[in-house]
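Here's the structure, in structure tokens; my notes come after.
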Amino acid sequence: SSGINAEWPLRPGETFHGDMYMGRAYFFPVMNEAQKNLEGYRLSEKMRIISRLANPEDRFEILEDATTECPYNFAVWLDLKGAINEPNLQKQTVQNALLPTVLKQREKEAQVSDIAKEKNATSQCFGADGMKSLLEQRGAVSCDTQIADFEIDFGKPSTIKEIKIHWIGWSMAVVYDVFALGEDGNYVLVRTHNDHRLVGWYNMWTYLDGWDMKTTKIKFELKKGAGREKHPYAIWRFIVMGVCHDFPGDVSKGKPVKENPGSSDPVTLVDGTNSTIWNGNSETSWFEINLKRICALDNIEFFWVDGAKPENVKVTYKVGSGQEAQKLGEDPFKKVPLSMDCGTTVRVEMFGGNAALKGVKACGVSYNVKEVLKAKVREAYSLKKDLYYVRMHLDKSINNMTYED
């Protein structure tokens, strides 16, 4: 209870009774949800109690498992915040504990789902707050002008399978255009009202088929609504079924590097320029990059000095203190594919020849610890409308963690 007291202070006019706040009504539903799975709740509570008897550096791993057993046990999340701020907590421990969550998150991202949910959106007529509520499926939006538009940013290249719009009453768009922003940064007209299918006769659904082009944003331009003059458009649900794709970038730039004795300054390997040169100065040379985060690794690319390259290259990588995986390079060793496997460190060993590099680039997608934890909260809480404010509180609590990758 002390953790809840500190984390959730009373507001004026509220009273405290035991572990519950009278007047903080949104706390009761989360406890009710937790106890729907009594076995999971009891196990998570046992783990929470055990964590207090464990070594401080081991508490995080136990509590992270407890959030998996019962994500609605609010007290576990509060204890987790204290555990991740433990000074003796090893980064590898955090990485080991969160790897299953990252893998599950990646698996879910590869499936067709509502990719507009909780994405950023802008609209002059519906308003940013209105669009936020709509895409979080917490409320509806309406507009009082015939000419209107809105834009949704998916955050990464996406494949659109289908768009579904649930209108309120007769307030639906009968003339409109849909534009998609491609990876080249240009908007293209992809659908119009002539392409839609309508289902129902009142509170109708509009269905639009998707398209092949990878899309980062969509924009609707509404030109004529069927609703009354004050509300030509009113939307209850807006759903975009699709898949968001990875957008690999350089996850190694500026990261710490260790190297074999006798080699030149390894910082030149990851400084992002080709104007500096690293020499292994050994028959067997190596360097190891600490990526500092869990990364899904697409490949590692080598920029050799003209005329220089080793006879063989071996790349090994792992998450935290976990099991190593390895890939062997193929001549001319310009790029070694890593199949989007996860790693927090990448080690490159070079045998024979001349190991002289202008630079190296590990390409992939990195996962920030706080974002991973918030994604775990989102997965459990997003469909529970009565837990919205609990989720917002947990997001804020995670953001306030002092832990840095």
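The values are calculated or read from the model by the stated rules, or taken from the named source; none is laboratory data. Just so we're clear, the structure is a prediction, and the values are computed from it rather than from any experiment. All Cβ positions, even for glycine, are placed from backbone atoms using ideal geometry, and neighbour counts span all protein chains on display. Each accessible area value is taken on the protein alone, full model and side chains, heavy atoms only, with ligands, DNA and RNA left out. Shrake-Rupley method; radii C 1.70, N 1.55, O 1.52, S 1.80 Å.
Applying a 4.7 Å Cβ-Cβ cutoff to the chain, the cysteines left without a disulfide-compatible partner are C70, C244, C295, C342, C363. Taking every alpha-carbon pair under 8 Å whose residues sit at least 6 apart, region 27-129 reaches a relative contact order of 25 percent.
With every protein chain in place and a 1.4 angstrom probe, the accessible-area ranking of F220, F303, largest first, reads F303, F220.
Per residue, the chain exposes 49 Å² of accessible surface when a 1.4 Å probe is rolled over the protein heavy atoms with every protein chain present. Counted residue by residue at 0.36 nm each, then reduced by the alpha carbon distance between them, the extension gain from A54 to E379 reaches 114.2 nm. Summing +1 for each Lys or Arg and -1 for each Asp or Glu among the other residues whose beta-carbon sits under 14 angstrom from that of V175 gives -1. Contact order for region 231-324, expressed relative to its length and based on alpha carbon pairs under 8 Å spaced 6+ residues apart, stands at 23 percent. The heavy atoms of L328 present about 120 square angstrom of accessible area, all protein chains included, probe 1.4 Å. Legend: P(r) of the chain from all alpha carbon pair distances, 10 Å bins from 0, whole percents, reading 4, 18, 22, 21, 19, 11, 4, 1. Taking the 1.4 Å solvent-accessible surface of the chain as the whole, the part contributed by carbon and sulfur is 49%.
Taking label positions 7 Å along the Cα-Cβ direction at both E162 and Y187, the computed distance is 2.7 nm, reported to one decimal. Taking trypsin sites (Lys or Arg not before Pro) across region 48-136, the ones in a DSSP loop with at most 13 further Cβ atoms lying within 10 angstrom of their Cβ are R52.
Here is the list for region 282-334: GluC sites (Glu not before Pro) lying in DSSP coil, each with at most 13 other C-beta atoms within 10 angstrom of its C-beta, are E283, E311, E324, E330.
Computed about its Cα centre, the charge dipole of the chain is approximately 1020 debye, with only Lys, Arg, Asp and Glu carrying charge at their Cβ. Between helix 369-381 and the chain there is an angle of about 30 degrees, using the helix long axis and the longest principal axis of the Cα atoms. Over the chain, Cα pairs under 8 Å with separation of 6+ residues give a relative contact order of 15 percent. For the cross-link pairs K104/K361; K104/K161; K223/K396; K46/K119; K258/K396; K214/K309, the ones whose C-alpha atoms lie over 31 Å apart are K223/K396; K46/K119; K258/K396; K214/K309.
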